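**Student:** Pasting a structure below so you can have a look.
The values are calculated or read from the model by the stated rules, or taken from the named source; none is laboratory data. Computed from a predicted structure; not experimentally measured. Here the Cβ positions follow ideal geometry from the backbone for every residue, glycine too, while neighbour counts run over all protein chains shown.
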Amino acid sequence: MYCTRKVQKDLFWVGADDRRLVCFEGVYGVPDGVSYNSYLLLDEKTVLFDTVDKAVYATFLENVAHALDGRKLDYLVVHHMEPDHAATQELLLSRYPEAKIVCNAKELAMMKQFLGYDVSERAIVVKEGDGLSTGRHSFRFVMAPMVHWPEVMMSYDETDKILFTADAFGTFGALNGRLFADETDFFTRELDEARRYYTNIVGKYGPQVQAVLKKLAGLEIALVCPLHGFVWRSRFEEYLEKYRLWSSYAPEEKSVLLAYASVYGHTENAANILACKLQEKGVHVRMYDTSVTPASYIVSDAFRCSHLVFAATTYNAGVFVTMESLLHDIAAHNLQGRRIALIENGSWAPTSGKQMKEMLAGLKNTEFIGETLTLKSALANDQETQLDVLADTIAAEILA
Ligand code: FEO
């Protein structure tokens, strides 16, 4: 059975929620599900903007058929070739053999790679600034390379000021009947998942996001239609401000991310004591056990917080595995501009501090706070003052 929503008079959401997906992209847990958005325009010509993941193909095809109500499909506009939006292209195109594919050259090449055959005969290949008139609406195409793949483009409807943004401005979480961001308390209830989506999916490509934001500056925007999550018709400027921060790697708040990896609790104990000392001084701490919390949540808060503290035991002569994986993720996502403190533990040859430092040394504009604090099995009685010094230093920087 179909399930669609009206975006505005001639534009309809024909996507679908997936609440059964365990890991988005095979790695990011989505306990609240995810939506794959697709939009259908009923102008003099009919236009479908993107398809959906194969997991929800049946609902999607029913939605499209219902919204078309017997009309033929004239165009499929492709904004992004990642299979969460493109896996049902072939099915869609076989159902609507008259539909032309509006895409750029990189997308056309990827279609051939994914499908195994050439669809050039059906394609209208566009480039930066090209337009498409569908009757009442006139679209302009904006290339958005690396937001999140190199072929990505956006569409701007000059008639009704609608921006189709591909992955940008999306979020994790199923829509659950909602469509517009103002149908939920977005900045209280959804922002954490939006941040986790941005930082983990697109976070590495801050300069490319900034380049696209620059291209979009000055456009009058009434509606923003991303490929995941909510459509924006109000307060978009506030969300855009978050994107400006995240893409520039500027922290959202002066606070501490404290992540620890502990086998028998002694490293955790030092982390707990430091957290107490920081909170007592009025410094907000966001604390995680790397063996419990998946890395995507911690990466997200690493983008959020100004100061990062990592405490890890030495394991197999290296960094404990869950911390090693986290730090690899943080470095891979190009985080920069942070103040970092390290605590290592080791009963006979503590080396995790040196190796954590090496993993993080490449982060741009990032400095380490003091020397790595070394625990030998557990925090010694005479070491509490070292935690005091660390807490004082961090508090002085944050509360200044
Ligand atoms: Fe939602 Fe980059 O795909």
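**Student:** Among the residues in the range 35-56, are any closer than 17 Å to TYR197 by Cβ and away from the ligand (no atom under 16 Å from the Cβ)?
**Tutor:** no
**Student:** A further question on this structure: Every residue in the range 273-307 that is buried (at least 18 other Cβ atoms within 10 Å of the Cβ) and free of Cβ contacts under 8 Å to residues at least 24 places away in the same chain, please.
**Tutor:** ALA275
**Student:** In addition: Can you name the residue in the range 227-245 that is surrounded by 22 or more Cβ atoms within 10 Å (Cβ to Cβ) and within 16 Å of the ligand (Cβ to nearest atom) and, of all such residues, is farthest from the chain's Cα centre (by Cα)?
**Tutor:** VAL231
**Student:** From the residues in the range 153-179 that are in a strand (DSSP E or B) and more than 14 Å from the ligand (Cβ to nearest atom), which one is nearest to VAL125 (Cα to Cα)?
**Tutor:** Selected residue: SER155.
**Student:** I need every pair where a residue in the range 320-335 that is modelled with pLDDT under 95 has its Cβ under 7 Å from the Cβ of a residue that is of a type outside the set (Gly, Ala, Ser), sequence separation at least 6 or different chains.
**Tutor:** Taking only residues 6 or more apart or on different chains, not a single pair turns up.
**Student:** Let me ask something additional. Which of the residues belonging to the range 356-379 are surrounded by 11 or more Cβ atoms within 10 Å (Cβ to Cβ) and small (Gly, Ala, Ser)?
**Tutor:** ALA361, GLY370, SER377, ALA378
**Student:** So, of the residues in the range 70-115 that are of a type in the set (Gly, Ala, Ser) and within 16 Å of the ligand (Cβ to nearest atom), which turns out to be surrounded by the fewest Cβ atoms within 10 Å (Cβ to Cβ)?
**Tutor:** Result: ALA87.
**Student:** Return only the number of the condition from (1) of a type outside the set (S, T, N, Q); (2) surrounded by 23 or more Cβ atoms within 10 Å (Cβ to Cβ); (3) within 16 Å of the chain's Cα centre (by Cα) that ALA332 does not satisfy.
**Tutor:** (2)
**Student:** Does the range 122-142 include one or more residues that are within 15 Å of the ligand (Cβ to nearest atom) and either among the charged types (D, E, K, R) or surrounded by fewer than 20 Cβ atoms within 10 Å (Cβ to Cβ) (or both)?
**Tutor:** no
**Student:** Go through the residues of the range 49-63 one by one and say whether even a single one is within 22 Å of ALA144 (Cβ to Cβ) and touching a residue at least 60 places away in the same chain (Cβ under 8 Å).
**Tutor:** yes
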